[in-house]
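Worksheet: one structure, shown below.
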Amino acid sequence: MNAKEFFQKTWQSLKDLWNKQVIQRTSRISYHIIWNILLFFIAIGLIGGFFVAGLGAGYFASLVDEEKVQSEEEMASAIYNYAETSELYFANDVFLSEVSADILRDETTLDHVSTYVQNAVIATEDEYFETHNGIVPKAVLRAVFQEVTNASVQSGGSTLTQQIIKNQILTNEVSFERKAKEMLLAMRLELFFEKDEILEAYLNIVPFGRNSSGQNIAGIQTAADGIFGVNADELNLPQAAFIAGLPQSPSYYTPFLNGGGVKNEEGLEPGLTRMKSVLSRMLEAGYINQEEYQKALEYDIVADFKQPEESQLEKYPYLMEEIQKRAIDKLVYVLAEQDGYTQQEIASSETLKEEYEIKASREISSNGYKIHSTIDKEIYDAFQKVAAEYDNYGQDKLARNEDNEAIMTEDPDTGEMVQLGKQPVQAGSVLIENRTGKIISFVGGRDFDIAQINHATRVNRQNGSTMKPLVAYAPAMEWGIVQPGSVIADVQKTYPTGAKPYTPGNYSGRFYGLTPVREALYRSHNATAVNVYSQIINQNPVDQFLSKMGFSSLLDKDEHNLSVVLGGITNGVTVEENTNAYATFGNMGSFVEDYMIEKIETKDGEVLYQHESEKTEVFSPQTSYLMLDMMRDVLTRGTGTAGRANLTNKSVDWAGKTGTSNGFKDTWFIATNPNVTLGSWMGYDYNQQLDKGYSSRNNTFWAKLVNAATEIRPDLMAPSNKFESPGGIVSRSYCAVSGLLPSEECSELGLVNTDIYNANFVPTKKDYSLIQDSYATIDGEVVLAGEKSPDEFTDGNGFSFNPDWLKDMGYTELSNIKQLTAGKGGAWEKIKYPNEQEVKNDGKAPNAPGGLKLNNQKLSWSKSKSSDVVGYRIYRANNPDDKNFKRIGSTIETSFTIPGSKAVYQVRAVDYFGQESSGSNVVVQGDFSEPKPEQKEEDNKEKEDNKEKEDNKKNDNKEQEAEQNNQEQNENNQNEQQNDQAQDTEQNNQDNQ
């Protein structure tokens, strides 16, 4: 069968079926069945749809059921609560910088924003902005579908209104509940706000990546200035398109690196591509035409990117950090008091304080406050210049700990521990106005990149001898224990201080004996300061005085530690604290707490905080003036002379004190004048020893700071007036031996000084430290002369310490009492140390001295072995055959110089009771050998013998005459002594009357 026949047969079969109506009947049945099935599913679908819609609506309602319905005022308050950057100011409203916050933001209004930006943002972020009511319906349906189908919740597609709600009222939480609330609040916001108001709010809120300095920025004005260096209303089309594209992914599209500076070509590509996308959308939306679009694409936007510039944080790192920290400290109490807490409750609760510190930090970062400081910009800049240019800090050293082990640090590149490199000598300084407590300027350190800590305000170090006036001398003068003319024994002394006795020493390694307090201060004697402090420690000067002057790190154990007077406070002090304490003297005894925050204002001008200075009386004006007068000497003749020598204006009345900590790890100099107090410190961060000359280097640095500030504010830094006596100050003479009113003995020795005193504490007792009598010396010990003691070996009108006075002062307990006058010289050498032990007479003549020698007309011999010898007599004979020795002199030494003629000499010892020993061996001076038997020589010899006899006779006459004169002088001295005693008796009778 061929194909044609097959087709014809098939067609005939179908025709027969149709004619029999088989196909018609089958189709009708299928139609009815399919239609009924379709109707069933449609009905089920509609019922399910309504159910799902109702279920979705109910679920949506349940999600927002607890959301508070906000009023127009509440929503406006929340929307316009921009995280606006606070501003910092120098003194006198001189702008410093924005706060170093997580994000910088400056508010603006829509009329100050380029139309290009407005259109670009709408075209890119919300194409239906002008027509929707806060949400786009299809976005809502998509969100419902995602929830019902348990699909992953996706962000994006939010309107500008929704983005405002998310940023200002809700959170960034990714959940349908947050999305539902967002949509509800967005629709409500559209009821209250015009479209322009919503757009303006969005442009002030949205983040725009980083500025040229690498700081995070938000708000269109901040972005325009930070990226292109123009205002928001000056942005051209390509600039506007670039900025409008940033909010989708600010950190990805930003043209700047995290640390500042423009990215490389590869890094810029995403942002440039995004800009082209924004321009394309603007073209599609009809905001620009094809020509504008093409021109914008060809524009070199990279050339417009702002060049990196030094931020104020980089220029003033110490200052900005310090002002922010202090502003937060002040706001903690402001915010807490607003919530009903007292300052005491905040101070006593670490948890509560931490909570409000977090709140205060957020407020500072986001509320647009204006924080006004006390820092004088010109002086501060000058201080930083001095610190940067000063070239005599000392050498850099490898950082080591107290065990001399190298300090290790982590290498940021490899993560390995490596030795920390060489570290510089750091410096810290603070300038305070005495009367108000204003911190006018400070030096926080030499390089913030090396050490990110403020050495002026945040570093605690031992303050060495600068502590002496604060805790020893001023308190002791306040209590009348000492005055400038009081005399203290600077001697080696051990103090029982528990398990380990304490023996303070002086920097020089020696002691200075009886010293006035004034001299001990300006020469900075340690032993004297500890002596004074030991007299008042039981009255707790740490609590009575130091704690009132702003020292914040004092411990209870410091109250019982003698080394506190030398700066040995357990936790140390800051430069700020130490300087502030010295300003107490500048204020004539009143402590005024220093401060740096003048006031804090809201962006609307409301004053949240205003500093008010208060005085605390610490020392009397009289004590303060005496202390100032003594500290003047530190600069004029003491340890601070290098400071004064480098001042350009030496007429200013400065009074101060130097200090060095144990181990020479810290050097200090603090001085005050009638207006200001300036403190300066130097040291290594790792407590290493400073090189020699450290004190002079620091004093000079201090002077350079003074000079720099004086050039700028001479009226402040160089007052013409001096510290004035407050009254109640008198001048008195005193005996330099005891500090008491001068006695006749003290006056005769010329040991009378004059000083000023608090009129309530002038010395009233007459000096009795010295006595005058006849003395002999036995083996270096001074004893009162006896009745038979030879006058030639006694000082008939000598001076010695009064044993009673030595006992009263406790000096007899010293291991070496001769420290009282050691190294003093002058009149002090005339004062003897009497031995009160009685000299016993053994009835025997003393042993003869031995080892008599002659060398260049000088006799020398060994001491007699007898214990009561007071001197030696020298005898002479004409020749070795002459047995008639005649006395030619006497001495208490073991040597004697003789004339040049030929003779024979012998020495005898004399004891306390006048007994004389036998003669020593003899020595011969000259040649006594027999001459040659020649007549001429015999004649010459005879002439020489005759001449020698005549010379010897003359010498004998002179020696007899000298001995007679000595006897007459002794008699005269005895007569004068008797007259003096008679006059003393008469004077005493008059005094008693």
Q: Please work out which residue is surrounded by the most Cβ atoms within 10 Å (Cβ to Cβ), limiting yourself to region 736-760 and to residues that are hydrophobic (A, V, I, L, M, F, W, C) and over 14 Å from Gln772 (Cα atoms).
A: Val737
Q. If you take the residues in region 577-605 that are modelled with pLDDT of 95 or more, surrounded by fewer than 24 Cβ atoms within 10 Å (Cβ to Cβ) and among the charged types (D, E, K, R), which one is farthest from Gly663 (Cα to Cα)?
A. Glu601
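What helices (runs of 4 or more DSSP H) lie completely within region 203-291 and have 3 or more residues being closer than 14 Å to Glu125 by Cβ? It would help to see each step written out before you state the result.
Working: elements: 220-223, 237-244, 250-253, 265-284.
Answer list for region 203-291: 237-244, 265-284.
Tally time: how many residues in region 829-847 are in a loop (DSSP other than H, G, I, E, B) and either over 60 Å from the mean Cα position of the chain (by Cα) or surrounded by fewer than 18 Cβ atoms within 10 Å (Cβ to Cβ) (or both)? Spell out how you get there, then give the answer.
Let us first name the residues in region 829-847 that are in a loop (DSSP other than H, G, I, E, B), namely 833, 835-847.
Subsequent filtering for residues that are either over 60 Å from the mean Cα position of the chain (by Cα) or surrounded by fewer than 18 Cβ atoms within 10 Å (Cβ to Cβ) (or both) retains 833, 836-847.
Adding up the residues that qualify gives 13.
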Q: Provide a single number: the residues in region 848-881 that are surrounded by 14 or more Cβ atoms within 10 Å (Cβ to Cβ) and outside any strand (DSSP E or B).
A: 9
Q) What number of residues in region 552-573 are part of a loop (DSSP other than H, G, I, E, B), at pLDDT 95 or above and in contact with a Gly (Cβ under 8 Å, 6 or more places away or on another chain)? A) 1
Q) Leu820 versus (1) closer than 29 Å to Val532 by Cβ; (2) surrounded by fewer than 18 Cβ atoms within 10 Å (Cβ to Cβ): which is the lone unmet condition? A) (2)
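Considering Glu84, Glu67, which residue is in contact with a helix residue (DSSP H, G or I) (Cβ under 7 Å, 6 or more places away or on another chain), modelled with pLDDT under 60, of a type outside the set (Lys, Arg) and surrounded by 10 or more Cβ atoms within 10 Å (Cβ to Cβ)?
Details: Glu84 fails: modelled with pLDDT under 60.
Just a single option satisfies the conditions, and that option is Glu67.
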(Q) Condition check: assigned by TED's automatic domain parsing to the domain that holds Ala785 and in contact with an Asp or Glu (Cβ under 8 Å, 6 or more places away or on another chain). Does Thr812 satisfy that? (A) no
Q: Tell me which of these Leu647 doesn't satisfy, since it passes every other one: (1) within 23 Å of Asn707 (Cα to Cα); (2) within 22 Å of the chain's Cα centre (by Cα).
A: (2)
Q. Does region 789-800 hold any residues that are in contact with a strand residue (DSSP E or B) (Cβ under 6 Å, 6 or more places away or on another chain) and part of a strand (DSSP E or B), and which are they?
A. Thr794, Asp795, Gly796, Gly798, Phe799, Ser800
Q: Look through Ile323, Ile375, Ile371, Ile379 and report the one residue that is of a type in the set (A, V, I, L, M, F, W, C), buried (at least 20 other Cβ atoms within 10 Å of the Cβ) and out of contact with any helix residue (DSSP H, G or I) (no Cβ under 7 Å at 6 or more places or on another chain).
A: Ile323
Q) Given Ile432, Ile488, Ile481, which one is more than 30 Å from Met809 (Cβ to Cβ) and of a type in the set (Val, Ile, Thr)? A) Ile432
Q. Which residue pairs have Cβ atoms under 9 Å apart, sit 6 or more places apart or on different chains, and have a first residue in region 680-693 that is in contact (Cβ under 8 Å) with a residue 12 or more places away in the chain and a second that is assigned to a strand (DSSP E or B) and surrounded by fewer than 16 Cβ atoms within 10 Å (Cβ to Cβ)?
A. Gln688/Leu398
Q. From the set of residues in region 754-781 that are in a strand (DSSP E or B) and out of contact with any helix residue (DSSP H, G or I) (no Cβ under 9 Å at 6 or more places or on another chain), which is modelled with the lowest pLDDT?
A. Glu781
(Q) Just to be sure I understand the filter: pairs with C-beta atoms under 8 Å, separated by 6 or more residues or on different chains, first member in region 694-706 and under 21 Å from Asn662 (Cα atoms), second member surrounded by fewer than 24 Cβ atoms within 10 Å (Cβ to Cβ) and hydrophobic (A, V, I, L, M, F, W, C). Which pairs pass? (A) Tyr694/Phe664; Ser695/Ala642; Ser696/Ala642; Asn699/Ala642
Q: Restrict the check to region 206-218 and report whether at least one residue is modelled with pLDDT of 85 or more, among the small types (Gly, Ala, Ser) and crowded, with 24+ Cβ neighbours inside 10 Å.
A: yes
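The values are calculated or read from the model by the stated rules, or taken from the named source; none is laboratory data. This structure is a prediction, so every number in the text was calculated from the model and none was measured. Here Cβ is always computed from backbone atoms with ideal geometry, including for glycine, and neighbour counts include all displayed protein chains.
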